Amino acid sequence: MRKLPTIAMVIMLFGYLYVLPCEAQHALDGDWIGGLDFGKEWQPVNFSFKSEGETIKGTLDFPKQNRVGLPLNSVVFESPHVRIEWQGKTAVAVFDGVLDGDSISGEFVQGERKAKFGLVRVAKVNPRLNEEYSGSYQLGPDRFIEMGPIGDHIRFIDSKTRLTRYLYASSETSFFSGPSIGIPFPVELRVAFLKNEQGKVSGLIWKENGSRPISGKKLPYKQEEVNYKYGDATVTAKLLVPATHGPHPALIDLGQGYFLGPDNGPDQYFYVRQGLAMMSPIRRTVGGLEANYLRSSFEERAREVLAGVEMLKKRRDINPREIGLYGDSQTAWIAPLAATLSPDVGFLILRVPSALPVTENILYEIESNLRRDDFSEVDITKALALRQLIHRTILTNTGWENLKPEVDKSKNERWFPYARAGWFFSLKIPPDEATAKGLRDPLTYDPLPILEILTVPVLALNGELDEAIPTKKSVPILEGALRKAGNKDFTVIVLPRAGHNFLETDKPYGAEEFVRKTRYVPGYWDTIASWLRKHVKGKK
C-alpha cells in the first residue's frame, strides 16, 4: 500500500469534519446521534436539524422507546451556543450545549431530571456499505481488526486491545466510535476506509485519539450465498471461504435464538482468519414465506443443521472430515444434539452452554434478573410462580383458561416483563396444535442425556459472572457428562470477570449497562485460536 505523509493523509481523510466560518449559518444542519448520561442509565437520543431561512427546525428520536420524529419546540444557535427545547409528557426538556466541530455537549434538564448529554454528527449512508467494509484488516504483525454488520452499524474487534465498538458514519468512507461499545460521544476513534482503482475496499486508516494514524490492509476471502433444504424449509446461508488453497475445515454458526438475520457481526471473520470456512444461515423460508424457529423442536433444528453439513461435504473446497458446529447460548443446546445424530460433525465450539434442562435454566435467569434489579422476595416469588404455571400449562397443553386470568392479573406488575409472558396476549386461547407443539418442544429438552453420549472434540466457554447461565452449577454437570461419555478430547473453560457476552465486567452480566462495556476478557479469543490450531488443519 502506498503511504502518504501522515499529516497530509489525516487532513485528506478527516479534514472535512471542521466547520468553516462561512458555513456557520447551517452548522447544525443534518443528523446527530448521542445520548443522555444519567449515571446508572444511558438514554440514546437522535436529532435532525434543518435551516429554513433564519429559523432552525428539528426533530428528536428516543430509539429505545421507539419514539421517532418528535417535533422540537425551538432550536436557537448563537455560535457556539446551542439551546434546544422539546415538550415532553411531563415538562419541557431543555438541551443546553456548545458546538465544537462535529460534536455538541452540555446539560439536559427536564423538571427535576438532569443529565449530561453529548451528540455527534452522522451521515446517512447506504447500508450495503456495512457489508462491503466487513472483514479482517491487518494493522501489524500481530494486530488485526475484525469488522462485521450488526443492525444498522458495523461492529469491530481489536485483537491487540480486545476493544469492541460500534462504528458510526461521518461519510461514505469515514466512521467514528466513542468510549464504549454503544456510546458514541465523545469521539475516541476515527476510521477511514480505502478503495483500490477497481473500487474495491483494500484497507483502512486507523486513528485513535492521541496516537498516530495506522494503515491497515484488508485480508482477502471469498464469499457467496448457498442454499440447502430440510423438509419443507429452505435455508439461505452466507459462506465465507479463505482465499488460500483448500480444502478447508468449516464451521457452521447456528445463531443464538429463534430468528435468523444477515447481521452476523465481526466474529465470523475471526474464524476465516484462522483458516476456516464459515457458514452463517441468514434466511429461512417455508412455502416461499419467511419462517423462524418458533414452531421447531430442537431435534428438527438439529437435523436441519445436518442438511447444511451434508451440503458442505459435497464442496471441493471443504474438507468433509473437518466440519464443526458453533452453538451460542440457546443453540449451544442444539449443536451437541446434532453431533450425536450424525458422524459427519467433526467438532463443536460451544459459547455459554448450559447443562441444565431448559425450564430450569429459564427460572434461574428470571430470578437472577430480578435479584440484579433489587426486587423484593415477594415479587421474585410471584414472578417465578407465574413462570412455573406457564411451564406447566405449555408442557401439558391444559389449563390455558386458568392461566389467562393469572397473566391478566399480573400484567401491570413491575416484575411482569421479567416473567417473559408478554407473548401470551397475542396467543389464541387455547392455541392450535402446531403452536402448542412449538411452545412445548423446547421446554421438554434436557441436555444431559445428549452430553453423556457426546464423543466429538468439544471446546466449551463459560463466563464466571454469567447471570443467564448458572456457571457454577452447570460446568461440573457438563464436565461429568462428557467424562461419562468417554469423551477424550474436551476443553471446558470458565473465564474470570466474564458475563454472557464475554465482555469484561466486575459485576454479574446485566448489572451494568451493555452500552458501557469496552472490551473482551483476556483469554477469550486467544483460547479459541489456540484450540483451533490444535484441532483443525486450517491454520497451524
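The values are calculated or read from the model by the stated rules, or taken from the named source; none is laboratory data. In this text, all values refer to a predicted model and were calculated from it rather than measured experimentally. Cβ sites come from the backbone with ideal geometry, for glycine too, and all protein chains shown count toward neighbours. What goes into the accessible areas is simple: the full protein's heavy atoms, side chains included, and nothing from ligands, DNA or RNA. Shrake-Rupley method; radii C 1.70, N 1.55, O 1.52, S 1.80 Å.
Restricting the range 476-500 to residues that are under 24 Å from the mean Cα position of the chain (by Cα) and surrounded by 20 or more Cβ atoms within 10 Å (Cβ to Cβ), which is modelled with the highest pLDDT?
Leu495
Report the residue count in the range 272-299 for those that are in contact with a strand residue (DSSP E or B) (Cβ under 8 Å, 6 or more places away or on another chain) and either open to solvent by less than 10 Å² (accessible area, probe 1.4 Å) or touching a residue at least 40 places away in the same chain (Cβ under 8 Å) (or both).
Here the count works out to 15.
When the residues of the range 452-468 are filtered to those that are open to solvent by 10 Å² or more (accessible area, probe 1.4 Å) and aliphatic (A, V, I, L, M), which remaining residue is farthest from Thr331 (Cα to Cα)?
Applying the filter and picking the extreme gives Leu465.
Tally time: how many residues in the range 23-57 are aliphatic (A, V, I, L, M) and either open to solvent by 40 Å² or more (accessible area, probe 1.4 Å) or over 13 Å from Phe77 (Cβ atoms) (or both)?
Here the count works out to 3.
Does any residue of the range 314-332 turn out to be of a type in the set (Phe, Trp, Tyr), surrounded by fewer than 22 Cβ atoms within 10 Å (Cβ to Cβ) and touching a residue at least 40 places away in the same chain (Cβ under 8 Å)?
Checked against the condition, which is being of a type in the set (Phe, Trp, Tyr), surrounded by fewer than 22 Cβ atoms within 10 Å (Cβ to Cβ) and touching a residue at least 40 places away in the same chain (Cβ under 8 Å), the range 314-332 yields no hits at all.
I'm trying to understand the selection: among the residues of the range 102-113, which are touching a residue at least 40 places away in the same chain (Cβ under 8 Å) and open to solvent by 30 Å² or more (accessible area, probe 1.4 Å)?
Selection gives Ser105, Arg113.
I'd like the full set of residues that are more than 22 Å from the chain's Cα centre (by Cα) and modelled with pLDDT of 95 or more, limited to the range 234-249. It would help to see each step written out before you state the result.
Our first condition is that a residue be more than 22 Å from the chain's Cα centre (by Cα); within the range 234-249, this holds for 234, 241-249.
Passing the criteria: Thr234, Val241, Pro242, Ala243, Pro247, His248, Pro249.
Just checking, does the range 288-303 include any residue being in a strand (DSSP E or B) and either under 17 Å from Lys229 (Cα atoms) or touching a His at 6+ places or on another chain (Cβ under 9 Å) (or both)?
Yes, because at least one residue in the range 288-303 is in a strand (DSSP E or B) and either under 17 Å from Lys229 (Cα atoms) or touching a His at 6+ places or on another chain (Cβ under 9 Å) (or both).
Against the definition (surrounded by 14 or more Cβ atoms within 10 Å (Cβ to Cβ), in a strand (DSSP E or B), without any contact (Cβ under 8 Å) to a residue 60 or more places away in the chain and not basic (Lys, Arg)), how does Val120 come out, yes or no? Before the answer, list the steps.
Values: surrounded by 14 or more Cβ atoms within 10 Å (Cβ to Cβ): yes; in a strand (DSSP E or B): yes; without any contact (Cβ under 8 Å) to a residue 60 or more places away in the chain: no; not basic (Lys, Arg): yes.
Here the answer is no, as Val120 does not meet what is asked.
Being part of a loop (DSSP other than H, G, I, E, B) and out of contact with any helix residue (DSSP H, G or I) (no Cβ under 8 Å at 6 or more places or on another chain) is the filter here, so list the residues in the range 201-249 that pass it.
So the first thing to find is which residues in the range 201-249 are part of a loop (DSSP other than H, G, I, E, B), and the list is 209-213, 219-220, 231-232, 243-247.
Passing the criteria: Asn209, Gly210, Ser211, Pro220, Asp232, Ala243, Thr244, His245, Gly246, Pro247.
What number goes with the only condition from (1) under 19 Å from Pro442 (Cβ atoms); (2) out of contact with any Lys or Arg (no Cβ under 8 Å at 6 or more places or on another chain) that Ser329 does not pass?
(2)
Quick grid of which residues meet (1) in contact (Cβ under 8 Å) with a residue 24 or more places away in the chain; (2) under 20 Å from Ala115 (Cβ atoms); (3) part of a strand (DSSP E or B); (4) not β-branched (Val, Ile, Thr):
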residue: Asn46; (1), (2), (3), (4): no, yes, yes, yes
residue: Ile56; (1), (2), (3), (4): yes, no, yes, no
residue: Asp61; (1), (2), (3), (4): no, yes, yes, yes
residue: Gly69; (1), (2), (3), (4): no, no, yes, yes
residue: Val75; (1), (2), (3), (4): yes, yes, yes, no
residue: Ile84; (1), (2), (3), (4): yes, yes, yes, no
residue: Ala93; (1), (2), (3), (4): no, yes, yes, yes
residue: Leu99; (1), (2), (3), (4): yes, yes, yes, yes
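For Val272, which of the numbered conditions (1) assigned to a strand (DSSP E or B); (2) of a type in the set (Val, Ile, Thr); (3) within 25 Å of Asp152 (Cα to Cα); (4) at pLDDT 95 or above fails to hold?
Failing condition for Val272: (1).
Considering Glu188, Glu208, Glu172, which residue is open to solvent by 50 Å² or more (accessible area, probe 1.4 Å), under 21 Å from Ile33 (Cα atoms) and touching a residue at least 40 places away in the same chain (Cβ under 8 Å)?
Values: Glu188 fails: touching a residue at least 40 places away in the same chain (Cβ under 8 Å); Glu208 fails: touching a residue at least 40 places away in the same chain (Cβ under 8 Å).
Of the residues listed, the single one that is open to solvent by 50 Å² or more (accessible area, probe 1.4 Å), under 21 Å from Ile33 (Cα atoms) and touching a residue at least 40 places away in the same chain (Cβ under 8 Å) is Glu172.
Pairs needed: first member in the range 389-411, over 17 Å from Ser426 (Cβ atoms) and of a type outside the set (A, V, I, L, M); second member anywhere, open to solvent by 80 Å² or more (accessible area, probe 1.4 Å) and in a helix (DSSP H, G or I); C-beta distance under 8 Å; at least 6 residues apart or different chains.
Correct list of pairs: Gly399/Arg392.
Filter the range 149-166 for residues that are closer than 17 Å to Gly203 by Cβ and surrounded by 23 or more Cβ atoms within 10 Å (Cβ to Cβ) and give the result.
Matches in the range 149-166: Ile154, Phe156.
Exactly one condition in (1) assigned to a strand (DSSP E or B); (2) open to solvent by less than 10 Å² (accessible area, probe 1.4 Å) is not met by Leu129; state its number.
The number of the failed condition is (1).
Across the range 335-355, which residue is surrounded by the fewest Cβ atoms within 10 Å (Cβ to Cβ) among those that are more than 20 Å from the chain's Cα centre (by Cα) and in a loop (DSSP other than H, G, I, E, B)?
Among them, the one singled out is Pro343.
Taking only the range 416-436 into account, find how many residues are in contact (Cβ under 8 Å) with a residue 12 or more places away in the chain, open to solvent by 70 Å² or more (accessible area, probe 1.4 Å) and at negative phi. Break it down into steps so the answer makes sense when it comes.
Keep residues of the range 416-436 that are in contact (Cβ under 8 Å) with a residue 12 or more places away in the chain, which gives 416, 418-421, 424-425, 429-431, 434-436.
Filter once more, so that each one left must be open to solvent by 70 Å² or more (accessible area, probe 1.4 Å): 420, 425.
Imposing the further condition that a residue be at negative phi reduces the set to 425.
Qualifying residue count for the region: 1.
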